[in-house]
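Report on the following structure.
The values are calculated or read from the model by the stated rules, or taken from the named source; none is laboratory data. Quick caveat: nothing in here was measured; it's all calculated off a predicted structure. We place every Cβ from the backbone using ideal geometry, glycine too, and count neighbours over all the protein chains shown. With ligands, DNA and RNA removed, areas are computed over all heavy atoms of the protein, side chains included. Shrake-Rupley method; radii C 1.70, N 1.55, O 1.52, S 1.80 Å.
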Amino acid sequence: MLRSSFVNIYIYNNFLLHFLPSPGANHIHSTAMPGDLGVAAGPMNQAFCKLSAVGERLDLPRQSTVRKNAHLPQKERKDGPMFRFPIRIAGLFAMLTLAACGGSDGDPAPAPASAPAASVRIEPHDTGPRSTAESTTPAALPRSRLVRATTVRLDPLDEEPGLEKKSQAAAADQAIPWQIGVPRSLAATATAQGTRAQLRWQPAPGGMQRAAISFTSEGAWGVRPGLLVRSLPANTTLRFYAQAGTDVIQVSGDEVLRTVQRNLAAGDTSDAARTYWVPDFRGAETTVELELPARANLAELNLAIPTLSHFFVSPSRTDTASVAKALGDGASCTVDVTCNAQYLDESRSVALMTYVRNGASYLCTGTLLNDVDSSGIPYFLSANHCISTQAEADTLTTDWFHHASACNSRALNAGTQRVTGGALLLHNDAATDISFMRLNAQPPEGSVYAGSYAGVVPLSSNVAGVHHPRGDLQKLSIGTITAYNQCMPITSSSFYCIPSNAQSGKFFSIAWNQGITEPGSSGSGLFHTIDGSRYLVGQLYGGSSRCRPPSSNPFEEIDPPVSSSSGKDFYGRFDLPFHSALKNWLNPD
């Protein structure tokens, strides 16, 4: 989801002939434009809307990919890069013209079917209510009592206040995914030799030995060390925790090596592919503990920790009234999902995503998807501009039930649960900005596997989005599909959208009646109601929605008395990648 800097709107005949580089002038009428995006000749000759701004480029692959799977061969599709860019409506004329761009200048929409074919619908699957019983598992002892850890400490970032201001500015005016962390170098453990020098081995039960390193980055709201792994001795176990906490995440050395192998198999041979990112524990300190057989050959421990990701904002800050709620602060016209009981099932299918790219940490939103057999396989949908590589997918952590405890309470639900372990990237495509994964760990009890609809959704259909704007407590937006659109890049920092039709348009244009989306909402699902059930029909790409300030007229009655929204957002259509690829997993023959 993108916020805007400014809008330049040009309307004149055959603009693309003079503006976009192309192999031939007749490409306006061709169906071989970037990403195989066909453009209707009529609307193109009538108007062209260019939305440009200074924005942050997202380094996305120039071709879509279907990952190798046991029953699905790898295949490639040459698509152009999909970029996100800021959009701001400057003045009434700009708003009206942008609305025209998102209007129905294309071919008429097909008549809505009263009962869409069941073959293009996958029903939602509710795993049942979450357990409210108190856990009977005794709390673990603080890990510091079991293993003495050496300490690697980084001073506070000099630019820490500036980073947060930059993040807030980006949330208002620039690109997303929304960055919440920056990479920091670790000189003491930058090499395998340096890391081994920091490890103080201590005997452990069962003929084992343990050593640990505690990493502190002063002022951080979360710390994720990156383990550069080349080899591990047999029977290695790794544990991650905070010295002051009791939560412990344990993984086997084999699991870490399998993660690295997945990245290498995807074609990435860089150090990023060999880096295993430790989850954060919502504080300035994270400990990495290793356990090996007492007679292990330490020369086989080829592990360095050259970088950590330092969070400069965090959801844990909700407990301080003087700090913005959640991870940022949703705009004034956003609506808590807990304020509308009709969408609580969809709420349980949506998760807040945190992941790492080149040492920097980011936020997006994703949705758990059901398959036709309700198999319980945790398929997970988000945006290509969020996660587009296997190395990024392996860093994924998801927070579930991350919503307000009650309508407008501004308090985090006590039942929020985190799932670590990353995901397997099954399919990603820039043409519709889709990223389709399978989580490596099951979602928590009480999750809902969302249904999906793979038919054409008519214009004027009512839709809703459930998402985490700027990492905030889960929000709900309700609106209408106003157009089918073609959205394509112009430069590395801008794209344009033009009205199209149901046959060629790969994106929906949405006008909100209630709520908006913001950075952090990217990748979130768009739901449409059919026969009383809601189905996912798209995922968020970007747009210009924002809160409109309340009227200053004291005699104007506003109900409810909150800011309304303006602008439009664009969602990639789900039906197109479903029929070309996702059906192989969700509805195989």
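Of note:
- Scan segment 457-474 for residues that are within 23 Å of the chain's Cα centre (by Cα) and open to solvent by 10 Å² or more (accessible area, probe 1.4 Å) and the total you get is 1.
- Subset of segment 361-376 [more than 24 Å from Ser452 (Cβ to Cβ) and open to solvent by 10 Å² or more (accessible area, probe 1.4 Å)]: Tyr362
- Qualifying residue in segment 326-349 (condition: of a type in the set (Gly, Ala, Ser), at pLDDT 95 or above, surrounded by 24 or more Cβ atoms within 10 Å (Cβ to Cβ) and closer than 26 Å to Arg239 by Cα): no
- Of all the listed residues (Gly245, Gly206), the sole one being open to solvent by 30 Å² or more (accessible area, probe 1.4 Å) and either assigned to a loop (DSSP other than H, G, I, E, B) or touching a Cys at 6+ places or on another chain (Cβ under 8 Å) (or both) is Gly206.
- You will find that of Ile516, Ile530, the residue that is crowded, with 24+ Cβ neighbours inside 10 Å, aliphatic (A, V, I, L, M) and touching a strand residue (DSSP E or B) at 6+ places or on another chain (Cβ under 9 Å) is Ile516 and no other.
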